[in-house]
Amino acid sequence: MATMLNKRVTGAFGKQAPVRSARVAAARPSRSSVRVAATAAPQEVEGFKVMRDGIKVASDETLLTPRFYTTDFDEMERLFSLELNKNMDMLEFEAMLNEFKLDYNQRHFVRNETFKEAAEKIQGPTRKIFIEFLERSCTAEFSGFLLYKELGRRLKATNPVVAEIFTLMSRDEARHAGFLNKAMSDFNLALDLGFLTKNRKYTFFKPKFIFYATYLSEKIGYWRYISIYRHLQRNPDNQLYPLFEYFENWCQDENRHGDFFTAVLKARPEMVNDWAAKLWSRFFCLSVYITMYLNDHQRDAFYSSLGLNTTQFNQHVIIETNKSTERIFPAVPDVENPEFFRRMDLLVKYNAQLVSIGRMNLPGPIKAIMKAPLLERMVAEVFQVFIMTPKESGSYDLADEANKTALVY
């Protein structure tokens, strides 16, 4: 897979170089927030609204912004209960726990003086899009921390091994979020993560869907980070900020988290072995792929500032994530069918028009009427992508003898 990635990445999406619980959050102030003396705060800093001096007002929540998740924790306890599931194979979980305990990145997230110096050199529109990138990334990592920490707490009595893995994954996510929030302070802003914990809306997913969504989030995060890192290693002139130099080790945390959810789905094969699982697998793949594709194209300037071609970068990440996902999900979209990205590009076009209408100085009802046909077209395109012939896939370990050959070849 690494060799394949190198072949795809080299010159594939680079432009010519220009000359993730409230109690826990409160217990980690040094990692989750940057405290500033309570003085009279300006209304804006760096073009963003602030709630107090140096603390940014969180971006509005939309369909495309990172979400905070909650689930049925009682069902989670039943799913992992060793008393109720006496045949649950714990060998893989125990091996993973030993690996998480090694804490490979314990000393990785150490800053140096180059962060602030580099941030001061980033000015104009590029500075604003860097802040937006840091905020979105910090919110996503902190979301994972909150969910994993609560699962670690709730599962202690029913499955101590799995509970400890969740707790150690929350450790990783807290590091990531704290590192990103500290990076925001290089740009004179930060998020109050304790405030977000108490005030942001939480999206409820059943445990099965939490597993699908978090698996995809971790794996696509891996491919995004490693692809950006490798691109910047080949194009050092585009290394505008030292954060990206940490992505090679950082992304291995994401990969290990994704592998854990693979083990979870293998331990609960009923979640990936029927027709409903095939439909839900495709649905979640498309939800994650479309969200990333539209988000990143709305922020093309950020990727351009790194010398990346946004479309080629996104397509590469989706293709590689899909290949990883084929190893556990029973069906995935055929993203290498040319029709797939043709329709994805149409979604980008319609979304850009929606954004443009949203910025018009017109009454809300008028803008709603103007948006209606575009929304209808987007729904139609998403439906057409969903009904495309999928790729049958799944874990070799869960396949019957008749299907194992097909999964290998």
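The values are calculated or read from the model by the stated rules, or taken from the named source; none is laboratory data. Just so we're clear, the structure is a prediction, and the values are computed from it rather than from any experiment. Cβ: placed from backbone, ideal geometry, glycine included. Neighbour counts: every protein chain shown.
Quick one: is residue 268 surrounded by fewer than 18 Cβ atoms within 10 Å (Cβ to Cβ) and out of contact with any strand residue (DSSP E or B) (no Cβ under 6 Å at 6 or more places or on another chain)? So residue 268 fits the description; yes. Of the set (1) polar (S, T, N, Q); (2) over 29 Å from residue 292 (Cβ atoms); (3) assigned to a loop (DSSP other than H, G, I, E, B), all apply to residue 98 but (3).
For region 102-219, the helices (runs of 4 or more DSSP H) that sit wholly inside it and include 3 or more residues that are surrounded by 20 or more Cβ atoms within 10 Å (Cβ to Cβ) are 125-154, 160-185, 193-199.
Quick one: how many residues across region 327-346 are within 20 Å of the chain's Cα centre (by Cα) and buried (at least 19 other Cβ atoms within 10 Å of the Cβ)?
6
Residues are listed down the side, and each one gets a yes or a no for (1) surrounded by fewer than 19 Cβ atoms within 10 Å (Cβ to Cβ); (2) in contact with a Leu (Cβ under 9 Å, 6 or more places away or on another chain); (3) at pLDDT 95 or above; (4) not in a helix (DSSP H, G or I):
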position	(1), (2), (3), (4)
243	no, yes, yes, no
260	no, no, yes, no
273	yes, yes, no, yes
281	no, no, yes, no
288	no, yes, yes, no
294	no, yes, yes, no
312	yes, no, yes, no
320	no, yes, yes, no
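Filtered by the rule that a residue be out of contact with any Leu (no Cβ under 8 Å at 6 or more places or on another chain) and of a type outside the set (Ser, Thr, Tyr), region 43-65 gives 43, 44, 47, 49, 51, 52, 53, 57, 60, 61, 63.
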